[in-house]
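The values are calculated or read from the model by the stated rules, or taken from the named source; none is laboratory data. Keep in mind that what you see is a predicted model, and the values were worked out from it rather than measured. Note that we place each Cβ from the backbone using ideal geometry, even for glycine, and neighbour counts take in every protein chain shown. Each accessible area value is taken on the protein alone, full model and side chains, heavy atoms only, with ligands, DNA and RNA left out. Shrake-Rupley method; radii C 1.70, N 1.55, O 1.52, S 1.80 Å.
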Amino acid sequence: MTPDLDRTRPVWRQVAAAITARIEDGSYPVGARVPSVVELSAEFGIAASTAQKALAHLKAEGLIRAEVGLGSFVADRSGTAAGGDSAPGA
């Protein structure tokens, strides 16, 4: 299924917004794996580089965290600032 993408915003922003909506509505709960670059490319009919840019944006916003070799997961943002990669008490 290819969601309707409009031409008024960059495609990567639209994909990031779609994933954000899924996080906010509970479709992707905290700790859930979000689709990979390849999966997003297929779902939205976009280039891998566009999907990567959307995921990079979500990571920068603190919505997801990436684990090398495992994928990207919904970050736990309860009571923490975005980018909470530092150890507690640091």
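Quick look at the values:
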| read-out | value |
| --- | --- |
| Residue-normalised accessible area of region 1-60, expressed per residue, 1.4 Å probe, Å² | 60 Å² |
| Separation of the Glu39 and Glu24 label points, Cα + 7 Å toward Cβ, nm | 2.2 nm |
| Whether region 1-58 is rounded, prolate or oblate, judged on the alpha carbon gyration tensor where a/c under 1.5 counts as rounded | prolate |
| Carbon + sulfur, % of accessible area of region 1-71 - ligands and nucleic acids excluded, 1.4 Å | 56 percent |
| Chain lengthening between Ala48 and Asp76 when straightened (0.36 nm per residue, less Cα-Cα) | 7.5 nm |
| Environment charge at Ala54 (Cβ cut-off 14 Å; Lys +1, Arg +1, Asp -1, Glu -1) | +2 |
